[in-house]
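*Asks:* Just passing along the structure, written as structure tokens.
Where a number appears in this text, it was derived from the coordinates with a stated rule and is not lab data. The structure displayed is predicted, hence computed values, not measured ones. Neighbour counts run over all protein chains shown; Cβ positions are idealised from the backbone, glycine included.
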Amino acid sequence: MNVTLRNLTKRFDATAVVKSVSLDVADGELFFLLGPSGCGKTTLLRMLAGFYQPDDGDILFGDRPMNGVPPNRRNTGMVFQNYALWPHLSVFENVAYGLDVRNIDGTERSRRVEEALAIVRMNDYAARSPTQLSGGQQQRVALARALVIRPDVLLLDEPLSNLDAKLRLEMREEIRRIHRETKLTTIYVTHDQQEALALADRIALMRDGNIEQVGTPLDMYRRPSTPFVTEFLGAAHFIEGNVLAVLDEQRVRINTPLGEMECAAAASVGDRVTCAIRPNDVIALRG
């Protein structure tokens, strides 16, 4: 299911927290909304889920308009930051909850719960209470509950933020594996640059309610469009200079206080440019 946002705006009182955002998410894509706290990424995700309605703009799932459609009619599965598991229900019953709401019972209910638990590798824990599980196991159960309804779009709201560093690394691989197996259109909110760079097919980096840049992790890391994108995605040193020569469509030679150097830029001779140098691109030469 492809997802389209057109000039989407959300205000709380007089404050616009999402400002005329337009995005296209391809069918089956693992798409990340990345940015610092307060940039509008979670608000955008909640509009996709139907928890908030936009003040302006349009949301489409495929060619179906979603404006005004309540959450229970969007066929989205959502994994919340705190997992939101019912402590009085077993793992099996937690996963089955969405099916119960949809009046799916009997053999079909059991089969689909077992399939979802198999995808997240939690079959052996079906009879346990969520309180008997580790954080990583609870996260898997929350994923299974979202998957069991066979959603058109899977929404993940900072799902790894409550895990320790080791579990986060393990669950990154699990999320990538699950995405490969299910091929679901997945929109994932995070403030963690490493998560986004490691997992995403594409990233939209947000700042103050706007989209700063959209692209693949490699393109955004290697060819950031603004200083904010450069610094947010990793350490960098900035050097200003004047363009001496255009080498090709994407490379120029510039004169800087450190001497002449080549950098990636679409510029003309004489232009003032800023070159960003990543520490990992520096090679030490021993004479």
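*Asks:* Skipping prolines and chain starts, which residues have an amide H placed within reach, meaning under 5 Å, of the one on Y188, given they are 5 or more residues away or on another chain?
*Replies:* F31, F32, L33, L156
*Asks:* Send over the Kirkwood Rh of the chain, from the inverse of the averaged 1/r over different Cα pairs, rounded to one decimal Å.
*Replies:* 21.0
*Asks:* While we're looking at this one, here's another question. Return the single residue from T182, T15, T230 with maximal mean-square fluctuation; model: Gaussian network over the chain, springs between Cα atoms under 10 Å.
*Replies:* Between T182, T15, T230, it is T15 that shows the largest mean-square fluctuation.
*Asks:* Here's a follow-up. Determine ³J(HN,Hα), in whole Hz, for all residues of region 167-180 in sequence, where each value follows from phi through the Karplus function 6.51 cos²θ - 1.76 cosθ + 1.60 and θ = phi - 60°; x replaces Gly and Pro.
*Replies:* Values per residue, Gly and Pro as x: 5, 4, 5, 5, 6, 4, 5, 5, 5, 5, 5, 4, 5, 4 Hz.
*Asks:* Something else: Relative to the Cα centre, what is the charge dipole magnitude of region 3-227, using +1 at the beta carbon of each Lys and Arg, -1 at the beta carbon of each Asp and Glu, and rounding to the nearest 20 debye?
*Replies:* My answer is approximately 80 debye.
*Asks:* Under the rule of at least 5 residues apart or a separate chain, name every residue whose amide H is placed under 5 Å from the amide H of Y52.
*Replies:* M47
*Asks:* Can you tell which of K183, K19, K166 shows the greatest fluctuation in a Gaussian network model of the chain with Cα springs below 10 Å?
*Replies:* Of K183, K19, K166, the Gaussian network model singles out K166 as fluctuating most.
*Asks:* List the equivalent ellipsoid semi-axes of region 1-141 in whole Å, largest first, each obtained as the square root of 5λ for an eigenvalue λ of the Cα gyration tensor.
*Replies:* They are 32, 18, 14 Å, listed largest first.
*Asks:* Here is a follow-up. Towards the positive end of the charge dipole of the chain, with charges on Cβ (+1 Lys, Arg; -1 Asp, Glu), say which of G62, V229, L205 has the farthest Cα.
*Replies:* It is G62.
*Asks:* For L247, which sequence-distant residues (separation of 5 or more, or a different chain) have an amide H within less than 5 Å of its own amide H, given hydrogens modelled in the peptide plane?
*Replies:* Result for L247 returns V252, R253.
*Asks:* Average projected area of the Cα convex hull of region 236-281, in nm²?
*Replies:* 2.9
*Asks:* Please give me, ordered by residue number, the trypsin sites (Lys or Arg not before Pro) of region 206-287 that lie in loop per DSSP and have at most 13 other Cβ atoms within 10 Å.
*Replies:* Listed in order of number, the matching sites are R286.
*Asks:* Now for a separate question. From the backbone phi of region 186-192, what are the Karplus-calculated ³J(HN,Hα) couplings (6.51 cos²θ - 1.76 cosθ + 1.60, θ = phi - 60°) in whole Hz, Gly and Pro given as x?
*Replies:* Here the 3J(HN,Hα) series is 10, 10, 10, 9, 7, 9, 8 Hz.
*Asks:* Is the shape of region 132-179 best called rounded, prolate or oblate, per the rule: a/c under 1.5 gives rounded, else a/b larger than b/c gives prolate, else oblate, with a ≥ b ≥ c the square roots of the Cα gyration tensor eigenvalues?
*Replies:* prolate
*Asks:* Just going by the charge dipole of the chain, with Lys and Arg at +1 and Asp and Glu at -1 on Cβ, which of V269, G40, Q132 is farthest out on the positive end?
*Replies:* Q132
*Asks:* What Cys residues in the chain have no fellow cysteine's beta-carbon under 4.7 angstrom?
*Replies:* C39
*Asks:* Work out from phi, with θ = phi - 60° and the Karplus expression 6.51 cos²θ - 1.76 cosθ + 1.60, the ³J(HN,Hα) of each residue of region 68-77, listed in order in whole Hz, and give x for Gly and Pro.
*Replies:* Residue by residue, region 68-77 yields x, 7, x, x, 6, 10, 9, 6, 10, x Hz.
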